[in-house]
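> Here you go, one structure.
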Amino acid sequence: MEAVAGGRLSLPCDITSPISDDEVYLVLWYKDEVATPIYSLDARRGPLGQARHATNEQLAGRAYFSSVPQPAVLEIDRVSLEDEGLYRCRVDFRKARTQHSALIVSVAVPPGVPIIKDYNGKMLSGVIGPFSEGDSLHLICEAEGGKPTPSLVWWRSRRVVDDSYEVLEQGITRNELFIEKLQRRDLMATLTCQTTNNKISPPLEASVTLDIHFRPLSVSVKGKRKRLSAMKTVQFECEAKGSRPPAVISWRKGSYKLKNAVTRVSAQGNVTTSTLTFTPTSDDNGKFLYCQADNPAIPGSAIEDGWKLDVHCR
């Protein structure tokens with residue numbers, strides 16, 4: 001049988017006689033090779049319900065034998081490593097032969113709650129980042145102690161992503177998770193480090209959730225190929241998609257920045273639209289007009305759409 005330190009252990013012992021009108025006289029529990037019982041139930045002077053219970057010093061105040069369940073059980077509370085070993089139950093009857101049963105008990109000591117750190121040793125929890133699309137990610141998970149040695153596994157949703165843990169000399173179990181390139185699908189992904197070393201107590205875990213910045217995916221200007229008339233005001237609409245946080249849009253004519261634009265962002269935050277009000281002159285003919293989308297949080301993420309102006313005089 002397996003038990004967990006600090007928990008409860010139920011040791012079964014069949015006290016049913018093979019003879020129908022028989023009675024239990026004595027139940028004795030022994031541990032390992034010690035000849036003195038660690039627990040006794042004596043019903044030789046009365047009915048089983050009024051039997052005398054006695055324990056040794058090790059079990060005092062935390063053990064009780066109950067004859068109500070079938071089979072009967074010796075309940076031991078506040079289990080510790082010292083409770084590991086071989087347990088033998090002896091049952092004496094008024095008529096039937098003495099019965100013996102035995103079982104081996106192992107006690108597991110759960111590890112400590114896992115701790116997630118970055119490569120510099122900073123403890124992490126909750127939402128971490130923001131990272132940039134394409135960044136690498138290096139997370140370290142550690143759990144201290146535990147007997148037997150615990151497993152330490154990284155999960156994403158219900159999928160194992162890394163189960164290659166190692167045990168250090170200091171009694172610490174470690175699992176390092178490395179993701180070479182963060183992608184859009186990793187946004188708000190929850191990575192859980194889980195440890196366990198027994199089948200009784202629930203696994204212990206720690207989690208982090210990834211916040212990620214995205215580059216603009218596209219930028220385009222509507223109606224950019226139309227012919228323009230000098231001194232006739234027109235509007236151009238530039239749309240940038242896919243940036244997180246929303247892209248910043250800027251306009252320029254050649255190297256000259258234009259400021260007469262109005263920007264709005266979609267409710268979802270992933271589409272930015274800028275409307276430029278522009279009055280061309282005859283000197284603008286043949287010059288280039290550009291719309292640029294940029295995520296300032298990601299250096300080098302700017303993309304642009306530009307074209308040569310076709311301006312006609314009246």
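> Kirkwood hydrodynamic radius, the range 1-101, all distinct C-alpha pairs: what's the number in Å?
Working: mean 1/r = 0.0714 Å⁻¹.
Taking the inverse mean of 1/r over all distinct Cα pairs, the range 1-101 comes out at 14.0 Å.
> Follow-up question, since we're still on this one. Sequence-distant or interchain residues sharing an amide H contact under 5 Å with ASN285, placed H: which?
HN-HN under 5 Å from ASN285: VAL311.
> Shape of the range 188-271 from its Cα gyration tensor (a ≥ b ≥ c, root eigenvalues): rounded if a/c is under 1.5, otherwise prolate when a/b > b/c, or oblate? List each step's numbers first, then the result.
Values: a/c = 5.37, a/b = 4.71, b/c = 1.14.
Cα axes put the range 188-271 in the prolate bin.
> If you don't mind, there's one more thing I want to ask. Note down the relative contact order for the range 160-314 as a percent, whole number, built from C-alpha pairs under 8 angstrom at least six residues apart. Mind showing how you got there, number by number?
Working: 319 pairs, mean separation 33.4, N = 155.
Relative contact order comes out at 22 percent.
> Here's something else I'd like to know. Highest first, please rank the peptides 207-218, 256-267 by the mean number of other Cβ atoms sitting within 10 Å of their residues.
Working: 207-218: 18.6, 256-267: 12.0.
Put in order of decreasing packing, that is 207-218, 256-267.
> Given 20 °C and 1.002 mPa s, how large is the Stokes-Einstein diffusion coefficient of the range 191-235 in µm²/s, with Rh as the Kirkwood radius over Cα pairs?
Values: Rh = 17.1 Å.
This corresponds to a translational diffusion coefficient of 125 µm²/s.
> Which of LEU28, ALA54, ALA3 sits closest to the plus end of the dipole of the range 2-60, meaning its Cα is farthest towards the positive end, when Lys and Arg get +1 and Asp and Glu get -1 on the C-beta?
Working it through, the farthest residue towards the positive pole turns out to be ALA54.
> How big is the equivalent ellipsoid of the range 1-57 along its three axes, where each semi-axis is √(5λ) from the Cα gyration tensor, reported in whole Å from largest to smallest?
Values: eigenvalues 117, 44, 28 Å².
Each semi-axis is the square root of five times an eigenvalue, giving 24, 15, 12 Å.
> What shape does the range 216-257 have by the C-alpha gyration tensor, where a ≥ b ≥ c are the square roots of the eigenvalues, rounded means a/c under 1.5, and otherwise prolate means a/b greater than b/c and oblate the rest? Intermediate results must be reported in sequence, preceding the final value.
Values: a/c = 3.02, a/b = 1.92, b/c = 1.57.
It is prolate, given that a/c is not under 1.5 and a/b is the larger ratio.
> Can I ask one more? Filter the GluC sites (Glu not before Pro) in the range 1-86 to those in DSSP coil with at most 13 other Cβ atoms within 10 Å of their Cβ, and list the result.
Values: sites: GLU2, GLU23, GLU33, GLU57, GLU75, GLU82, GLU84; in loops: GLU23, GLU33, GLU84.
In loop regions of the range 1-86 (DSSP not H, G, I, E or B), the sparsely surrounded GluC sites (Glu not before Pro) are GLU33.
> So what's the range 137-192 giving for Cα Rg divided by 2.2 N^0.38 Å, two decimals? Intermediate values should be presented prior to the final figure.
Details: Rg = 12.7 Å, N = 56, 2.2 N^0.38 = 10.2 Å.
Cα Rg divided by the expected 2.2 N^0.38 Å: 1.25.
> Quick check on the range 166-207: take the gyration tensor over C-alpha atoms, sort the square-rooted eigenvalues as a ≥ b ≥ c, and tell me if it's rounded (a/c under 1.5), prolate or oblate.
Values: a/c = 4.14, a/b = 1.60, b/c = 2.60.
Oblate, because a/c is 1.5 or more while a/b does not exceed b/c.
> Past 22 Å, Cα to Cα, is the threshold; run LYS122/LYS147; LYS31/LYS95; LYS257/LYS287; LYS224/LYS287; LYS122/LYS199; LYS241/LYS287 against it and keep the listed order. The partial results should precede the final answer.
Details: LYS122/LYS147 27 Å; LYS31/LYS95 26 Å; LYS257/LYS287 13 Å; LYS224/LYS287 13 Å; LYS122/LYS199 32 Å; LYS241/LYS287 26 Å.
As for pairs spanning more than 22 Å Cα to Cα, those are LYS122/LYS147; LYS31/LYS95; LYS122/LYS199; LYS241/LYS287.
> For the pair LEU309 and MET123, how long in nm is the line joining their label points, each one 7 Å along Cα→Cβ?
Result: 6.0 nm between the two label points.
> Then there's this: Which value, in Å³ per residue, describes the convex hull spanned by the Cα atoms of the chain? Let's see the in-between values first.
Values: hull volume 61.8 nm³, N = 314.
Hull volume normalised by residue count: 197 Å³.
> Quote the relative contact order of the chain in percent (integer), defining contacts as alpha-carbon pairs under 8 Å separated by 6+ residues.
On the way: 786 pairs, mean separation 40.8, N = 314.
Rounded, it is 13 percent for the chain.
Every number in this text was worked out from the coordinates using simple rules, so none of it is lab data. This one's a predicted model, so the numbers in the text were calculated from it and none came from an experiment. FYI the Cβ positions are ideal-geometry reconstructions off the backbone, even for glycines, and counts take in every protein chain you see.
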